[in-house]
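*Asks:* Dumping the structure here so I can ask a few things about it.
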Amino acid sequence: AKTTGRDMACFYSMETDLRGQARQTMEQQLRRAIERGELSVHYQPRVGARSAQLLGVEALLRWNSALLGSVPPSEFIPIAEETGLIRSLGAWVLEQACAQWMRWQDSTVAGGALMGVGLSVNLSAVQLADPSLAADIRAVLERTGMPEQHLELEITESQLMESAPSVADQVVALKLLGVQLSIDDFGTGYSSLAYLKRFDIDRLKIDKSFVHDMLDDPADLAITRAIISLGHSLGLKVVAEGVENRATAQMLSALACEELQGFYFSRPLPVPELERWAHAYLGS
Ligand code: C2E
Ligand code: CA
Ligand code: CA
Ligand code: CA
C-alpha cells in the first residue's frame, strides 16, 4: 500500500508538471503572437429582433499559433489574464477593431452595409484594474478617428461586482469618454441589482446558457423573461446572445427583446466574410 501511495503521488506530480509545461509553452507562444502576426479579429453581427437591421458587430480575438494551431479564447484568454498579457492583447484588439470600423465607413465597402454600425469590444477585469485604461482608450479613439458613441465596451457582470472602489471609478471614467457600456454574460454572476442603477449602463446581454435552452427549460425561459423585463424597466436595451435557431429568435422577439446575436444569424467571421454577409443581409 505504501508503494502505491508513493506511485500515486509521483503520478500526480508528473501530471501537474506536464500541465505546467503546456501552460508555459502556451504563455511563451502567446508572448510572441502579436509580432508573429498570429492573431486576428473575427466579428459577429448583432441584429434587430423586429427590424432585421444589422445593429453592430462584436470583435472576438482569434489565435492561430504556428506551434499549437488554432487555440480557442477559452484556453488562451485565462492565461493572458493571469500573466498580464491581456493588456497588450486587449489594446491590440481595440486598435484593430477601431481601424477596421473606419474602413467600413466607405459606401463602396460591402455596399455600405457596415456604415454606422456599433462596434463591441470585450474588456477583461485585468484591463479594468489598470488606472490608465480610459486614457489608453481615448488615445486609440483619437489615433484611429473612431467616434466614441459607436464604440461599446463589454464588461462581465462578475467584473462589475468586484467591490474594489477603483472599478466604480473606472466605469465612470469610461462613460466620460462617451462610449457605451454593456454587461456581458448577464445572469451568471452575483447580482446586486443596485449596481445597474449606480453605473450608467446601456445594455444587458443575456448569457447564452439561458438562451440556449429557453424553449425546453421553463426555468431558463423564466430567467430570460425576467432579465428582459428588468432591463426594460431600467431603460436599458436587452441583447440575447447564443441565438441558434429561428424558433428562439421568434420567442425572444415576442418577449420584446430588441437585439439578437448568435449562430442562427452568423458565426463570428473574418473581415471579408463578414462584409459579404452584411452586404447580403442588407439586400435580403
Ligand atoms: P463572450 O464575450 O461571451 O463572446 C461570445 C462567445 O459566444 C464567442 O465565443 C462566440 O463565438 C460564442 N457564440 C456566439 N454565438 C453563439 C451561439 O449561437 N451559440 C454558441 N454556443 N456560442 C456562440 P469565443 O469567440 O470563443 O469567445 C469566448 C470568450 O472569450 C468570449 O465570450 C470572451 O469572454 C472571451 N474573448 C474573446 N475575445 C476576447 C477579447 O478580445 N478580449 C477579451 N477580454 N475577451 C475575449
Ligand atoms: Ca462579449
Ligand atoms: Ca457573453
Ligand atoms: Ca455562458
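*Asks:* Given charges of +1 on the Cβ of Lys and Arg and -1 on the Cβ of Asp and Glu, with all other atoms neutral, how large is the dipole of segment 219-284 about its Cα centre, in debye to the nearest 20?
*Replies:* Rounded to the nearest 20 debye, it is 100 debye.
*Asks:* Counting Lys and Arg as +1 and Asp and Glu as -1, what is the net charge of the other residues whose Cβ lies under 10 Å from the Cβ of GLN44?
*Replies:* Computed value for this residue: 0.
*Asks:* Using unit Cβ charges (K, R positive; D, E negative) and no other charged atoms, how large, in debye to the nearest 20, is the dipole of segment 122-256 about its Cα centre?
*Replies:* The calculation lands at about 440 debye.
*Asks:* Given an 8 Å cut-off on Cα distances and at least 6 residues of separation, report the relative contact order of the chain as a percent.
*Replies:* In percent, rounded to a whole number, it is 18.
*Asks:* Counting helices only, and only those DSSP H runs with n ≥ 4, report the 222 nm mean residue ellipticity of the chain as the sum of -39,500 (n - 2.57) divided by its residues, in deg cm²/dmol to the nearest 500.
*Replies:* Here the helix-only value at 222 nm equals -15500 deg cm²/dmol.
*Asks:* How many lysine pairs does the chain hold where the Cα atoms are under 28 Å apart and the two sit 8 or more places apart or on different chains?
*Replies:* Going through the chain pair by pair, I get 9.
*Asks:* Working from the alpha-carbon coordinates of segment 1-149, get Rg over Rh, Rh being the Kirkwood radius.
*Replies:* When Rh is taken as the Kirkwood radius, the ratio is 1.14.
*Asks:* Which of PHE199, PHE263 has the fewest other C-beta atoms within 10 Å, and how do the rest follow up to the most?
*Replies:* Fewest-to-most ranking of PHE199, PHE263: PHE263, PHE199.
*Asks:* When averaged across all projection directions, what area in nm² does the alpha-carbon convex hull of segment 48-99 cover?
*Replies:* Mean shadow area of the hull around the Cα atoms is 5.2 nm².
*Asks:* A follow-up question, please. Lys/Arg Cβ at +1, Asp/Glu Cβ at -1, dipole of segment 1-153 taken about the Cα centre: which of PRO45, THR108, GLN96 is farthest positive-ward?
*Replies:* So the residue furthest toward the plus end is PRO45.
*Asks:* Let me ask you something else. Using the Cα atoms as the points, what is the convex hull volume per residue of segment 171-247 in Å³?
*Replies:* Residue-normalised Cα hull volume stands at 95 Å³.
*Asks:* Which three lengths, in whole Å and largest first, does segment 186-227 cover when its Cα atoms are put on their principal axes?
*Replies:* Between the extreme Cα coordinates on each principal axis of segment 186-227 lie 35, 16, 15 Å.
*Asks:* If you add up the charges near ARG19, with Lys and Arg at +1 and Asp and Glu at -1, over every other residue whose beta carbon is less than 13 angstrom from its beta carbon, what do you get?
*Replies:* That sum, taken over residues with Cβ under 13 Å, equals -3.
*Asks:* I'd like to know which of LEU196, LEU260, SER233 lies farthest towards the positive end of the charge dipole of the chain, counting +1 on Cβ of Lys and Arg and -1 on Cβ of Asp and Glu.
*Replies:* LEU260
*Asks:* All other residues with a Cβ under 15 Å from the Cβ of ARG138 taken together, and with Lys, Arg as +1 and Asp, Glu as -1, what is their net charge?
*Replies:* After counting each charged neighbour, the total is -3.
*Asks:* Please name whichever of MET146, LEU160, SER120 sits farthest to the positive end of the charge dipole of segment 117-183, dipole taken about the Cα centre and charges placed at Cβ: Lys and Arg +1, Asp and Glu -1.
*Replies:* Going by the charge dipole, the pick is MET146.
*Asks:* Also: Would you kindly give the portion of the calculated P(r) for segment 119-269 that falls above 21 Å, as a percent of all Cα pairs?
*Replies:* Roughly 46 percent, once rounded to a whole number.
*Asks:* Step by step: find N for segment 56-141, compute 2.2 N^0.38 Å, then divide the Cα radius of gyration by it. What's the final number?
*Replies:* Rounded to two decimals, the normalised Rg is 1.23.
*Asks:* Here's a follow-up. With Kirkwood's inverse mean 1/r over C-alpha pairs for Rh, give me the Rg to Rh ratio of the chain, two decimals please.
*Replies:* 1.01
*Asks:* Counting only trypsin sites (Lys or Arg not before Pro) that sit in a DSSP loop (anything but H, G, I, E, B) with at most 15 other Cβ atoms within 10 Å, what is the longest stretch of the chain containing none of them?
*Replies:* 51-284
*Asks:* Any idea how far the Cα center of segment 101-152 sits from the one of segment 172-214, in Å?
*Replies:* Here the answer is 19 Å between Cα centres.
Only the coordinates and a few stated rules stand behind these numbers; no lab work does. All values reported here derive from a predicted model rather than from experimental measurement. With ideal geometry, Cβ positions are generated from the backbone for all residues, glycine too; neighbour counts draw on all protein chains shown.
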